[in-house]
Amino acid sequence: MIDHKLAEDLKKRAKEGDTAVLRSAELKSLFDQLKTLPADERGAFGQAVNKLRTELTELLNQAKDEAEELAPIDITAPLDINTPRPELLPSEQGSQHPLMAELATILDIFYRMGFTAVESREIDDDYHMFGSLNFPEDHPARDDYDTFMTTQTDVHGKPFIAPAHTSIMQNRVMKAGKAGLEAGQAIAAVIPGRVFRNEDLDARHEHTFYQLEGVYVDKGIHAGNLIATLKTFLQEYYGKELDVKTQPFYFPFTEPSFELTVSCPFCDKKGCHICSRTGWIELLGCGMIHPNVLKEAGIDPNEYTGFAWGMGIDRLVMMKYGIEDVRHFESGRLDFLRQFS
Ligand SMILES: [Zn+2]
């Protein structure tokens with residue numbers, strides 16, 4: 001049967017007028033659950049789920065009616081302002097931004113692979129942006145990140161930083177997972193977050209975009225685990241068999257470091273405009289976590305190894321839907337956003 005608490009929570013949200021409840025992961029999970037049931041249980045469960053959805057719709061309608069009754073009427077306004085003209089207004093329900101909807105799908109895949117999600121942050125310090133990640137002071141690699149900084153400084157006399165990558169969370173996640181690691185529980189976390197770079201804007205570069213960091217640490221972890229994890233994720237997300245290749249790269253916080261290239265999901269290596277006719281797409285940076293980064297989090301690199309990656313969520317979604325310009329996401333253009341609602 002449907003979990004009682006889950007049903008009550010959904011109803012409470014509907015009563016409060018939260019229209020997102022009909023597209024919520026919780027409601028969707030019930031439909032997913034349905035598919036896994038034996039045939040003789042499916043009918044009753046399906047009916048219960050449909051009944052719940054009908055109830056939620058009714059509760060939402062009630063909430064909407066109540067809200068309308070409460071809406072103040074401006075008696076001095078001309079008639080047409082007080083007369084509802086829904087066809088002239090944007091959709092009252094609105095919709096989830098495509099990046100957030102896709103993020104839910106992405107996280108769901110990683111949950112099923114045993115990862116937990118940790119939220120990133122939008123302002124941080126020099127230590128988490130660079131110091132904890134094996135960027136020594138004055139290291140030229142710091143210049144690869146065109147970071148936004150505040151003029152105000154912290155207690156160390158350093159500016160605060162708008163994170164230029166979600167790797168700012170690596171040290172925190174590893175410190176928090178250290179006790180569990182020593183008790184035999186791998187650190188397995190994905191970290192979605194908004195990041196900021198002082199980029200020259202064009203179809204492929206935005207000053208604000210989303211990344212998904214991944215961190216995995218345990219005994220005996222090697223690069224094969226890293227590649228298998230990312231390949232499994234990408235095949236799930238794009239819903240098809242893909243090939244991946246790695247080429248050597250440089251990041252201060254991983255050793256060895258790779259750039260992961262994936263076979264184009266649109267043309268299966270034949271070459272198309274999405275992959276610039278090459279059949280392959282350079283997708284993300286990854287590598288084995290540098291021993292200095294493990295040490296900085298209090299983890300013994302002689303005993304444990306791990307991998308990490310950072311991928312652009314905007315880029316994953318652009319590839320999935322063949323979106324040609326990253327600036328659409330932050331543009332507020334309704335004609336773009338409505339295609340996803
Ligand atoms: Zn292609």
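Quick notes on this one:
- Flag for K178 being within 16 Å of the ligand (Cβ to nearest atom) and either out of contact with any Lys or Arg (no Cβ under 6 Å at 6 or more places or on another chain) or more than 16 Å from R315 (Cβ to Cβ) (or both): no
- Check on V215, crowded, with 16+ Cβ neighbours inside 10 Å, within 16 Å of the ligand (Cβ to nearest atom) and either at pLDDT 95 or above or β-branched (V, I, T) (or both): no
- Residues in the stretch 290-341 that are acidic (D, E) and under 25 Å from F130 (Cβ atoms): E296, D300, D314.
- Among the residues of the stretch 302-330, those identified as farther than 26 Å from F110 by Cα and surrounded by 13 or more Cβ atoms within 10 Å (Cβ to Cβ) are D325, R327, H328.
- Elements of type strands (runs of 3 or more DSSP E) contained in the stretch 219-337, each with 2 or more residues being under 25 Å from G184 (Cβ atoms): 280-289, 305-312
- P140 vs. criteria modelled with pLDDT under 95, of a type outside the set (D, E, K, R) and assigned by TED's automatic domain parsing to the domain that holds H128: yes
- Just one of (1) out of contact with any Phe, Trp or Tyr (no Cβ under 7 Å at 6 or more places or on another chain); (2) assigned to a strand (DSSP E or B) fails for R194. It is (1).
- Qualifying residues in the stretch 254-286 (those that are in contact with a strand residue (DSSP E or B) (Cβ under 8 Å, 6 or more places away or on another chain) and near the ligand (Cβ under 7 Å from one of its atoms)) - the one modelled with the lowest pLDDT: I274
- Count of the stretch 106-124 residues, restricted to those that are aliphatic (A, V, I, L, M) and over 12 Å from the mean Cα position of the chain (by Cα), is 2.
The values are calculated or read from the model by the stated rules, or taken from the named source; none is laboratory data. Remember, it's a predicted structure, so these values are computed and weren't measured experimentally. Cβ sites come from the backbone with ideal geometry, for glycine too, and all protein chains shown count toward neighbours.
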